[in-house]
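**Student:** Shown below is the structure under consideration.
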Amino acid sequence: MISVRTLRKHYTVFKRPPGLRAAFASLFRRTPTTVKAVDGISFEIEAGARVGFLGPNGAGKTTTLKVLSGLLFPSSGEVRVDGHLPQRREDAFLKKIMLVMGQKQQLLWDLPPSETFALNRAIYEVPEPEYRRRLAELTELLELQDLVNKPTRTLSLGERMKCELAAALIHGPKVLFLDEPTIGLDVSMQATIRRFIRRYNEETGATLLLTSHYMDDVAALCPRVIVIDKGTLSYDGQLDALVRRMRPEKRVVLRLDRPAETRALEGMGKVVSSDPAQVVLQVAQDKVSLTVARALATLSVRDLTVEDPPLEEVMSELFSQNRTRTESAA
Amino acid sequence: MRTLVRYFRLLQVQVRSSVLLGMQYRADFLIDGAVSLFWTATALVPLIVVFHGRPGVAGWSFPEALVVVGWFTLLEAILEGAISPSLTAVVEHIRKGTLDFVLLKPADAQFLVSTARFEPWRSTNLLTALAIWTVAFVRLGRWPPPLGLLAALVLLGSATLLLYSLWILTVSAAFYVVKVDNLTNLFNSVFDAARWPVQVFRGVLRWVFTLVIPLALMTTYPAEAMLGRLSPLALVGSVVGACAFAWLSRRVWLGSLARYASASS
Amino acid sequence: MSARSTVRALPTLMRVGFAEAIAYRAEMLVWVLSTTMPLIMLALWSAVAADAPVGRFDQKDFVGYFLATFIVRQLTGAWLAWQLSFEVRTGTLAMRLLRPLHPMVSYGVENLAALPLRLVVALPVAILALLLVGSRALPRSPALWAVWALAILGGWLITFLANGIIGCLALWTGSSIKVMDVWLVAFMVFSGYLVPVELFPGAMRTVVAWLPFRYQIGFPVEVMTSAYDLPGALVMLARQWAFVLALFLLLQLVWRRGLRRFAAYGG
């Protein structure tokens, strides 16, 4: 469905050093520098997949999404979405896709969302029965009944995001690009949006490409992740495989009735955190059962869980690894 | 054919949005109307001063010059009601970065952007233009010849097309500048010269206002048509010129869009 | 913030303001092009005066007058009303209020920081005027030069203060752009920007004498083109600065009241 081959996106920025003389000089002669937003990435995504796009700020994620949706032209490389060349911006192509940007909105500000829905219906030429059916579904799934007839400016951020999603899906796109869709939303709204997106993908078989800084989004939605850093591909594969590779250890969380001695704990594994009520140990995969047995035998354990280390930690480790790698290479 | 129908239907939807929006801000239109009237009235002062105690300037008498002013006022009405509101919205889009949503839609960006907002109730100047013409022709002691009126109607179409194209050129500049507030200023300062008959300007400026920024085709020629002294050559030239200008402005718009897509991140 | 520390901060503020003004080349071009109205008026009026002088103005007089108008406009321009209206509407005024510097001072400095740029544009025009019109283009005696300098300062102050007052209205109504539009229309006609005030019909002239507009453009231009002798110029100067004082007091009042309302309603 989506095919990207050695995509490069460079653009020119003019340097402007501080100081009066430099400012004046920049009137007549400017020093250009090339920013390599995306510098040779390749990947393939099959129809119906849900893929997460991860990377630190400025890595090139949003740029890639914009190239895939035809908003930006690649500097070099080949990009194809469902057989189309996005940069041609054919009507047929545009009707199949949608880009949802968490920090910007397409809803008309002073009018109710229902007007934006009607406008989109006309622009995307959605047949009347299909429009009505889909609108009913979306209204029910996202609980929009009370929201769609109030002016957009009177809605809260979470309510706006729900309506924004509905407006984006009115024409039933086959490919959905989501750029930080849950940014700024409270926890329960994030969960609602995640559930909804997943359901849309499962019911319609649409392909999903999501960027987010919230690891919970990625963990909940994307079995496969592509990690981009400084415009190049860092990892492309299953999320749990990444976690296992970066942190081949598990976390054992113990809730104790009586505090335990530090010496006893250290014998069982690396102590990540320890307070009177709860102890977290980091233990190698193969030693987990041994540790669990010892803990149950020697400590007064009230509750015990075995978990993966948090995704945030894995990611920040991955990014800092890349940084040290590029710094040592430089 | 199907495309035409489709775009016509789109136009209907856009107009409906505008009407709904306008009903939200009713007080605004009263103020806008009053400001327009005030502007038109005070802008007559220089004209009165120029013609005070003289029979004519550059071959135009006071009532004849009033006809030109009437056309200027009419075009201002079209500008305020149909052109400025939507194109100002583009400038806002560019500033907030939401132009991307327009570009994502499977419809021509220029069309979407030009039909986004209509505010017909701001066109109080329509009535003012009619009033000015009435005064002018009463003073002249005659009425416009029917053929002249027909030619004037044709020129109304070409003048509107020219006005629209000029605005598209101005807005295309919005892709290159970061702070866009001065653009409206620029447009208005240049357009303001159209209230004078083009023959008043001499030399280079007259050529500029006829061929480069064709203000003459927008107000002077239609006025001459109404006064029954427009040459057929000028009429044909105006229509052809308007179409050529429209084609040029479309090319510039498309070029600016392409550059926007290549240059931003 | 104390006056002394304000003065100490001024050089940096000016420098940064200037750098901001020239940060965007395309903007500068647009702005320069948008102030060309006097030149169009020049073309117009010299065509009118080609057959016979209008009042006391012959062609050369018009050339001198409108080139002077261009220069004076460059030197006395202010856009505070739009800036203030924008900052009130978007809430960024709060940022300015947090700084230990009186907002009006910071606005003033930003405005003035663009002055060198405007001088760069005005200077060639001044030289052009000298070449075309001769000594009639500029004030004739050192005393009149001094009067002219004060008239320019007064003109800028009136423009700035009026902009400020209208901008402050946004603290009540959310956006005062429309009021500014009305002011601008009146300004263009009654200040002598489009037509020399002298040429107005009698009844209008009495009205205009009581309005501040003519002291923004008309008066400095007239001093520049030697329309007055020294005593006459001084009388007009006094009138101009009376307006400056009145507007200054009005701005203080409006600003304080408006700020109280802004703080009460959160803007």
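**Student:** Could you check how many residues of segment A:299-315 are exposed (fewer than 13 other Cβ atoms within 10 Å of the Cβ) and part of a helix (DSSP H, G or I)? Break it down into steps so the answer makes sense when it comes.
**Tutor:** Narrowing segment A:299-315 to residues exposed (fewer than 13 other Cβ atoms within 10 Å of the Cβ): A:300, A:302-303, A:305, A:307, A:312.
Next cut, part of a helix (DSSP H, G or I) only: A:312.
Number of matching residues: 1.
**Student:** Under 9 Å between Cβ atoms, which residue pairs at least 6 apart in sequence (or on different chains) link something in segment A:308-323 that is without any contact (Cβ under 8 Å) to a residue 12 or more places away in the chain and more than 16 Å from A:Glu249 (Cβ to Cβ) with a partner that is surrounded by fewer than 18 Cβ atoms within 10 Å (Cβ to Cβ) and among the β-branched types (Val, Ile, Thr)?
**Tutor:** Going by the 9 Å Cβ cut-off, there are no qualifying pairs.
**Student:** Do any helices (runs of 4 or more DSSP H) lying entirely in segment B:111-194 carry at least 2 residues that are within 12 Å of chain C (Cβ to nearest Cβ), and which ones are they? Outline the logic, then answer.
**Tutor:** Values: elements: B:125-140, B:146-173, B:181-191.
Correct list: B:146-173, B:181-191.
**Student:** Under 6 Å by Cβ, and 6 or more places apart or on different chains, what pairs join a residue from segment A:266-288 that is closer than 14 Å to A:Arg255 by Cα with one that is of a type in the set (Gly, Ala, Ser) and modelled with pLDDT of 80 or more?
**Tutor:** Correct list of pairs: A:Val280/A:Ser273.
**Student:** List pairs: first residue in segment A:156-174 and within 21 Å of A:His84 (Cβ to Cβ), second residue acidic (Asp, Glu) and outside any helix (DSSP H, G or I) anywhere in the structure, Cβ distance under 8 angstrom, at least six positions apart or on different chains.
**Tutor:** A:Lys174/A:Asp82
**Student:** Let me ask something else. Return yes when A:Lys66 is within 18 Å of B:Ile94 (Cα to Cα), within 11 Å of chain B (Cβ to nearest Cβ) and among the basic types (Lys, Arg) and no when it is not. Working first, answer last.
**Tutor:** Values: within 18 Å of B:Ile94 (Cα to Cα): yes; within 11 Å of chain B (Cβ to nearest Cβ): yes; among the basic types (Lys, Arg): yes.
It is true that A:Lys66 is within 18 Å of B:Ile94 (Cα to Cα), within 11 Å of chain B (Cβ to nearest Cβ) and among the basic types (Lys, Arg).
**Student:** Another question, then. Among the listed residues A:Lys104, A:Lys96, A:Lys150, which satisfies the condition of being under 25 Å from A:Thr211 (Cα atoms) and in contact (Cβ under 8 Å) with a residue 24 or more places away in the chain? Break it down stepwise before answering.
**Tutor:** Working: A:Lys104 fails: in contact (Cβ under 8 Å) with a residue 24 or more places away in the chain; A:Lys150 fails: under 25 Å from A:Thr211 (Cα atoms).
One residue alone meets the criteria, A:Lys96.
**Student:** Consider segment C:188-211. How many of its residues are more than 13 Å from C:Tyr65 (Cα to Cα) and surrounded by fewer than 21 Cβ atoms within 10 Å (Cβ to Cβ)?
**Tutor:** Within segment C:188-211, residues that are more than 13 Å from C:Tyr65 (Cα to Cα) and surrounded by fewer than 21 Cβ atoms within 10 Å (Cβ to Cβ) number 11.
**Student:** Out of curiosity, is C:Trp145 part of a helix (DSSP H, G or I), of a type outside the set (S, T, N, Q), under 30 Å from C:Leu251 (Cβ atoms) and touching a residue at least 60 places away in the same chain (Cβ under 8 Å)?
**Tutor:** Numbers: part of a helix (DSSP H, G or I): yes; of a type outside the set (S, T, N, Q): yes; under 30 Å from C:Leu251 (Cβ atoms): yes; touching a residue at least 60 places away in the same chain (Cβ under 8 Å): no.
No: the conditions fail for C:Trp145.
**Student:** Note down all Cβ pairs under 8 Å where the first residue falls in segment C:28-51 and is more than 7 Å from chain B (Cβ to nearest Cβ), the second is part of a helix (DSSP H, G or I) and charged (D, E, K, R), and they're at least six residues apart or on different chains.
**Tutor:** From segment C:28-51, the pairs are C:Thr35/C:Arg73; C:Pro38/C:Arg73; C:Ala49/C:Asp61.
**Student:** Here is a further query. Taking C:Ala78, is it away from every other protein chain (no Cβ under 11 Å), buried (at least 22 other Cβ atoms within 10 Å of the Cβ) and not in a helix (DSSP H, G or I)? Working first, answer last.
**Tutor:** Values: away from every other protein chain (no Cβ under 11 Å): yes; buried (at least 22 other Cβ atoms within 10 Å of the Cβ): yes; not in a helix (DSSP H, G or I): yes.
In short, yes.
**Student:** When segment A:210-256 is examined, which residues are found to be touching a residue at least 60 places away in the same chain (Cβ under 8 Å) and of a type in the set (Lys, Arg)?
**Tutor:** A:Arg224, A:Lys230, A:Arg247
**Student:** Check B:Lys96 against each of (1) surrounded by fewer than 19 Cβ atoms within 10 Å (Cβ to Cβ); (2) in contact (Cβ under 8 Å) with a residue 24 or more places away in the chain; (3) within 14 Å of chain A (Cβ to nearest Cβ) and name the one condition it does not meet.
**Tutor:** (2)
**Student:** Going by the conditions given, is A:Arg263 part of a helix (DSSP H, G or I) and not assigned by TED's automatic domain parsing to the domain that holds A:Phe43? Steps first, answer last, please.
**Tutor:** Working: part of a helix (DSSP H, G or I): yes; not assigned by TED's automatic domain parsing to the domain that holds A:Phe43: yes.
Answer is yes for this residue.
**Student:** Something else about it: Would you tally the residues in segment B:42-58 being within 7 Å of another protein chain (Cβ to nearest Cβ) and either under 17 Å from C:Ala43 (Cβ atoms) or not aliphatic (A, V, I, L, M) (or both)?
**Tutor:** 7
**Student:** Kindly establish whether B:Leu217 is farther than 19 Å from B:Cys243 by Cα, away from chain C (no Cβ under 14 Å), buried (at least 18 other Cβ atoms within 10 Å of the Cβ) and in contact (Cβ under 8 Å) with a residue 40 or more places away in the chain. Break it down into steps so the answer makes sense when it comes.
**Tutor:** Details: farther than 19 Å from B:Cys243 by Cα: no; away from chain C (no Cβ under 14 Å): yes; buried (at least 18 other Cβ atoms within 10 Å of the Cβ): yes; in contact (Cβ under 8 Å) with a residue 40 or more places away in the chain: yes.
Against the criterion (farther than 19 Å from B:Cys243 by Cα, away from chain C (no Cβ under 14 Å), buried (at least 18 other Cβ atoms within 10 Å of the Cβ) and in contact (Cβ under 8 Å) with a residue 40 or more places away in the chain), B:Leu217 does not qualify.
The values are calculated or read from the model by the stated rules, or taken from the named source; none is laboratory data. Bear in mind the structure is a predicted one, so any value in this text is a computation, not a measurement. No Cβ is skipped: glycine too gets one built from the backbone with ideal geometry, and neighbour counts run over all protein chains shown.
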